[in-house]
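Here the structure is laid out as structure tokens; the discussion comes afterwards.
The values are calculated or read from the model by the stated rules, or taken from the named source; none is laboratory data. This one's a predicted model, so the numbers in the text were calculated from it and none came from an experiment. Here Cβ is always computed from backbone atoms with ideal geometry, including for glycine, and neighbour counts include all displayed protein chains. Keep in mind that these areas ignore ligands, DNA and RNA; they rest on the heavy atoms of the full protein, side chains included. Shrake-Rupley method; radii C 1.70, N 1.55, O 1.52, S 1.80 Å.
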Amino acid sequence: MPEKNLQDMRILVVDDDAFTLKALERILLKAGVSKLICTDISSHALKFLSSRLEPVDILISDLNMPDIDGIELIRYISDLPRQVSLVLISGEDKRILATAESIAKERAIDVLGALTKPINSSQLLTILTSPELTKTVQSREVASSDLAKELRKAIKSRQIVPYYQPQVCAQTLKVVGLEALARWHHPERGLIPPNVFIPLAEQLSLINEVTELMYQQAIADLGAIHQQGCQLQLSVNFSAQCLVWLDVPERIQQTLKQHNIPPKYLTIEVTESLLNKDLATSLDILTRLRLKGLGLSIDDFGTGFSTMEQLKRIPFNELKIDQSFVHGATHNHVSSAILESSLNLAQKLDITTVAEGVEDQEDLEFVKQLGCHRIQGYLFAKPMPMDDLCSWLSQYPR
Ligand code: C2E
Ligand code: CA
Ligand code: CA
């Protein structure tokens, strides 16, 4: 696929201030942008943004407009099937601009930058010509083309499989559980990691199929492991988008029954940023999962900004500390402070703790000393396919 440079990218500019709109138009035309749309009406912008035939690559938007404000616009674009990169502009206080930027990032939008008026043309062009932008736009092109079509096929032909990473008890170092992590065995491209295809599945609204495939295979594998006399726990990952179907708890329960596994052996991991979406429905589903006896884990703890709020609202019984605060924490006082206070908090709330990203002996000693319950990391094992797991389990010292 040929590389797309700034001249070929479709850029949409929205600002109700005629002077700024004209100035931006002049800068961009001078830079050779040929697919430029300028509008002073946000509702028109929404129409262009949702076009499937001519997708927008970059949105340059004012924060303050009469018909819809920049924050609402951010919410709208975070739900688009194809992502756009965003440049925010504002005549307001710099702090408001910074807050808007972090809201957009929290919603996983690719924010290129935030500029205050009057627009400085070289600042804008520096942002628009960054090599990362070219790469991001390129990966979106791939997403909307071949790989997207192939993902549909991959789900049907079960090319997506769970790999398993063991979790050990911090005190005894015995294996107590497994996390199922998705891998795509592509017939030509080889092994595709989840950070490539999970976001794609989310964009294409295929994440439900992927998740169902994952938990069904993982529960079946767990059934086989239990039959060998090894009563391990299993954790599976759920995206926010999977928590909109009200029958999720019943479906999982049915699969567990099929394989004779009591619900207490299964934990659903959800990331803390997920509840920005439909809070009432997610709460309904998550609470019913707990009522049915399943575990609920807050994943990547510490990375989002609404952490405390979510701990209060949702009946989590496990807290997973993100690897970025675990590996090397002894040498980083910010990480160690976050790690320590997260573990303290969990203890007070009587919640089980898991540290991910334990890579060496130093990490292990540190999290143990801080009272963490369970450990997951390369020090013990990387995620591996079912066959490898079985031989790993049989060789692991009991
Ligand atoms: P996660 O849920 O935070 O999973 C932990 C990630 O950390 C895994 O990456 C694992 O391989 C990696 N990891 C574990 N121990 C270590 C360590 O000691 N050092 C380092 N550097 N990394 C370690 P992986 O398998 O590439 O998964 C990436 C992410 O993809 C997951 O992060 C999860 O958010 C997502 N994901 C994977 N499978 C699924 C799935 O079935 N559904 C959904 N919705 N998301 C999934
Ligand atoms: Ca996880
Ligand atoms: Ca993580």
(message) Tell me the carbon and sulfur percent of the accessible area for region 317-398, rounded to whole percent, probe radius 1.4 Å.
(response) 48
(request) Assuming 1.002 mPa s and 20 °C, estimate D for region 245-351 with Stokes-Einstein, Rh taken as the Kirkwood radius over Cα pairs, in µm²/s. (result) 144
(request) Please get the size of the charge dipole for region 1-106, origin at its Cα centre, with Cβ charges of +1 on Lys and Arg and -1 on Asp and Glu, quoted in debye to the nearest 20. (result) 420
(request) Over the chain, average the accessible area per residue using a 1.4 Å probe and give it in Å², no decimals. (result) 48
(request) Pick out, in residue order, every one of the chymotrypsin sites (Phe, Trp or Tyr not before Pro) in region 259-361 that is DSSP loop and has at most 13 other C-beta atoms within 10 Å; say none if there are none. (result) 305
(message) Just to make sure I understand: if all protein chains stay in place, what is the order of 132, 92 by accessible area at 1.4 Å, largest first?
(response) 132, 92
(request) Would you calculate a helix-derived [θ] at 222 nm for the chain, using -39,500 (n - 2.57) for each DSSP H run of n ≥ 4 and dividing by the full residue count, to the nearest 500? (result) -13000 deg cm²/dmol
(request) In Å and from the alpha-carbon atoms only, list the Rg and Dmax of region 89-137. (result) 11.6, 31
(request) Alpha carbons only, please: Rg and Dmax for the chain, in angstrom. (result) 23.4, 73
(message) If you roll a 1.4 angstrom probe over the protein chains with everything in place, what fraction of the accessible area of region 6-139 belongs to carbon and sulfur, to the nearest %?
(response) 54
(request) Starting from the Cα gyration tensor of region 6-139, multiply each eigenvalue by 5, take the square root, and state the resulting semi-axes largest first in whole Å. (result) 18, 18, 15
(request) Might you work out the accessible area of residue 76 for me, using a 1.4 Å probe with all protein chains in place, and round it to the nearest 10 Å²? (result) 80
(request) Any chance you could give the angle, 0 to 90 degrees and rounded to 10, that helix 333-348 forms with the longest Cα principal axis of the chain? (result) 60
(request) Just read off the accessible area of residue 245 with the full protein assembly in place, 1.4 Å probe, to the nearest 10 Å². (result) 140
(message) Let's test the formula: R0 of 35 Å, r as the Cβ-Cβ distance of residue 312 and residue 362. What FRET efficiency results, to the nearest 0.05?
(response) 0.55
(request) With a 1.4 Å probe and every protein chain kept in, tell me what percent of the accessible surface of region 141-265 is carbon plus sulfur. (result) 51
(message) Based only on Cα atoms, what mean projected area does the convex hull of region 145-230 have, in nm²?
(response) 6.7
(message) To the nearest 20 Debye, how big is the dipole of region 144-395 about its Cα centre, given +1 on the beta carbon of each Lys and Arg and -1 on that of each Asp and Glu?
(response) 720
(request) Could you tell me the distance between the Cα centroids of region 88-165 and region 314-369, to the nearest Å? (result) 30
